[in-house]
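Since the structure comes first, as structure tokens, the remarks are kept for the end.
Coordinate-derived values only; no laboratory data. Since the model is a prediction, treat every value here as computed from it, not as a measurement. Note: ideal-geometry Cβ built from the backbone for every residue, glycine included; neighbour counts use all protein chains shown.
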Amino acid sequence: FTFRFMNNILPVPQHSTKPGTSTGQQFWHSTDKTIDSYSPVDGSLIARVYTSTRADYDRVIETAQTAFQQWRNVPAPRRGEIVRQMGEQFRAYKNDLGRLVSFEMGKSLPEGLGEVQEIIDICDFAVGQSRQLYGLSMHSERPAHRMYEQWHPLGLVGIISAFNFPVAVWSWNAMLAWVCGDVCIWKPSEKTPLTALACQQIIQDVLRNNDLPEGVSCLVTGGREVGEWLARDPRVALVSATGSTRMGRAVGMAVAERMGRSLLELGGNNAIIVSPHADLDLAIPAIVFGAVGTAGQRCTTTRRLIVHESILADVRRRLASAYAQLHIGDPLEAGIHVGPLIDKDAVAGYQKAVDEIRASGGTFVVEPGTLSGPGYESGCYVKPCVANAQNEWPVVQRETFAPILYLIPYKTLDEAISLQNGVPQGLSSAIFTLNLREAEQFLSAAGSDCGIANVNIGTSGAEIGGAFGGEKETGGGRESGSDAWKAYMRRQTNTLNYGTTLPLAQGITFEL
Ligand code: UN1
């Protein structure tokens, strides 16, 4: 059975989309067990996808191993050329794929299209990177010796991705891994298998057109169990996992036990500090986009707003008026800011957090609620809300994947920074201030402890050119730009003696 990615993918006829595991050029299945993909937009079943069995998985790994023997010998700039062609395909399919992302995942159409743009951007970045896999050369302490380092392909890279960025985060990993000479095995979220299959199909066309082995890009479908196979498998050199801290801890421990490598991009609990020196005309839209974009389901979502007490009343007023202008509804329609949450479990998580805020004594500046009635039949639509809260409350300390913004007042910048850092996660952070001293203190060694720290822009919507990831329970991994490529290669130090004697390092004498 072959799943064709059509120009007009919506709506997807349910009976014609049952692909499963893929080593590349073909999809097959050895079980009738399926994952059902429901759109949170209207609650409809849009696809059934066969899950991978352990036997399917092993077949995939063997195909990937065979492909690696060939792919690692393709010159890196030539691998870049293949990724360039992939970027061209994603340009051609941007509209269709962006719509499918919005339909399957529920984010607004501009964000769905933006997600595909991230794929295109990382393709372009990776093409350039393919000619810049630089190693250093060192001066040896021994005469007539040369010392340098090389970066070699690592091998098989497992990519476990989350529903909230069903395709972009995979591409950050895959495009770099491919120019680095690795082959990829992707396990997409079981909540968004269809977007993954569409991408796999696009990649396949490029590989086939270039007579490349199918195992360069593999796909395995299923739940937690499939992720565990990757984590425990010594044949998989690197496992890159994006998702909850709970998932990441399990993956990280399993990979560490076999001395493999992991790259973890886990939960965030991102804050914006709003100083009395802030330009609120910049700050308010940044806060609202950060808090309600992707319905609060980005790992970079703004969850906490740490506001100087002198401007708290003004910020509350402005937020209430901005939130009143939000349009919640079908994310494929023009003018919609907020689509549904991914499923009813996510709505229950939102409701639980709201109840907990109330039980802790929190009050709401913008009231929460779930939406029902015409247009909201899927039961996945909630109202973005803003709560007065305290940083140490357990509900504030954890990441709830929903549009809930906590307002926390501060008196001094030192206090604001320690509140910002006072959570277990360390992904993204920002300050709004026009005061140079405040901005520099926030960015200093004693400032934000996050992997991303911004001034006068929000916490979400990072460009692909920077290294993406965070500290503490966020997992420490860095993906995407800067020198993140190094995670996908192995470094080899080479010392070469072109002389006629054998001097030892550290001045050691050894005579026979
Ligand atoms: C994620 O939510 O896992 O910075 C990734 C952003 C996006 C990526 C988020 N470029 O918000």
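How big is the charge dipole of the chain about its Cα centre, in debye rounded to the nearest 20, if each Lys and Arg gets +1 on its Cβ and each Asp and Glu gets -1 on its Cβ?
720 debye
What relative contact order, as a whole-number percentage, does the range 421-512 give when Cα pairs under 8 Å and 6 or more residues apart are counted?
24 percent
Which order do Tyr406, Tyr134 fall in if you start with the one that has the fewest other Cβ atoms within 10 Å?
Arranged by neighbour count, lowest to highest, Tyr406, Tyr134 become Tyr134, Tyr406.
If I take every Cα pair under 8 Å that is 6 or more residues apart in the chain, average their sequence separation and divide by the length, what percent do I get for the relative contact order?
17 percent
Taking the Cα-to-Cβ direction at Asp36 and at Ser321 and moving 7 Å from each Cα, how far apart do the two end points lie in nm?
Taking the simple label geometry, Asp36 and Ser321 are separated by 4.7 nm.
Kindly flag which residue pairs out of Lys191/Lys472; Lys411/Lys472; Lys107/Lys191; Lys94/Lys486 have an alpha-carbon separation exceeding 23 Å in this structure.
Result: Lys191/Lys472; Lys411/Lys472; Lys94/Lys486 exceed 23 Å.
What distance in nm lies between label points placed 7 Å from Cα along the C-beta direction at Met259 and Asn435?
Roughly 5.3 nm, to one decimal.
Considering the chain, what Rg and Dmax in Å follow from its alpha-carbon atoms?
Rg, Dmax (Cα atoms, Å): 24.4, 90.
With +1 on the Cβ of every Lys and Arg and -1 on the Cβ of every Asp and Glu, and nothing else charged, how large is the dipole of the range 217-257 about its Cα centre, in debye rounded to the nearest 20?
It comes to approximately 100 debye.
As a test of the formula, what do you get for the chain when each DSSP H run with n ≥ 4 contributes -39,500 (n - 2.57) and the sum is divided by the residue count, at 222 nm and rounded to the nearest 500 deg cm²/dmol?
Calculated mean residue ellipticity at 222 nm is -11500 deg cm²/dmol.
Remind me, what semi-axes does the range 375-459 give for its equivalent ellipsoid, largest first in whole Å, using sqrt of 5 times each Cα gyration tensor eigenvalue?
28, 14, 12
Which of the helices in the chain meet the span-like rule: DSSP H, Cα axial reach of 15 Å or more, Kyte-Doolittle mean at least 1.0?
Both cut-offs are met by 168-179, 280-292.
Per q in 0.15 1/Å, what log10 I(q)/I(0) does a Debye calculation on the alpha-carbon atoms of the range 45-178 return?
With one equal scatterer per Cα and no solvent, log10 I(q)/I(0) is -0.90.
Towards the positive end of the charge dipole of the range 102-222, with charges on Cβ (+1 Lys, Arg; -1 Asp, Glu), say which of Ser102, Leu133, Ile160 has the farthest Cα.
With unit charges placed on the Cβ atoms, the residue in question is Leu133.
FRET efficiency for Asn210 and Asp345, Cβ-Cβ distance as r, R0 = 35 Å, nearest 0.05?
Using R0 = 35 Å, I get an efficiency of 0.25.
Residue-wise, which Karplus ³J(HN,Hα) couplings in Hz belong to the range 37-50, taking 6.51 cos²θ - 1.76 cosθ + 1.60, θ = phi - 60°, and x for glycine or proline?
Each residue's phi maps through the Karplus curve to give 9, 9, 7, x, 5, 10, x, 7, 7, 9, 6, 10, 10, 5 Hz.
Pick out, from Met259, Phe432, Gly379, the residue whose Cα sits farthest towards the positive end of the charge dipole of the chain, with +1 on the Cβ of Lys and Arg and -1 on the Cβ of Asp and Glu.
Farthest along the dipole direction, towards plus: Met259.
Where in the range 464-505 does the label zone of Glu141 land, with the point 7 angstrom along Cα→C-beta and an amide N cut-off under 20 Å?
493-505
In whole angstrom, note down how far apart the Cα centers of the range 267-315 and the range 421-500 are.
20 Å
Please compute the modelled spin-label separation between Glu149 and Arg249, points set 7 Å along Cα→Cβ, answer in nm with one decimal.
3.3 nm
Quick one: putting +1 on the C-beta of Lys and Arg, -1 on the C-beta of Asp and Glu, what dipole do you get for the range 21-81 around its Cα centre, in Debye to the nearest 20?
In total the dipole reaches around 280 debye.
When only alpha-carbon atoms count, how far does the range 276-345 stretch along each of its three principal axes, as whole angstroms with the largest first?
39, 23, 17
Averaging sequence separations of C-alpha pairs under 8 Å and six or more residues apart, then dividing by the length of the range 302-384, give the relative contact order as a whole percent.
The value is 26 percent.
What FRET efficiency comes out for the pair Arg131/Asp483, r = Cβ-Cβ distance, R0 = 22 Å, nearest 0.05?
0.90
For the range 92-140, take every pair of Cα atoms, bin their distances at 10 Å starting from 0, and report each bin as a whole percent.
Percent of pairs per bin, in order: 25, 31, 19, 14, 7, 4.
What three numbers, in Å, describe the spread of the alpha carbons of the range 235-358 along their principal axes, ordered from the longest?
If we take the Cα atoms of the range 235-358, the spans are 56, 36, 31 Å.
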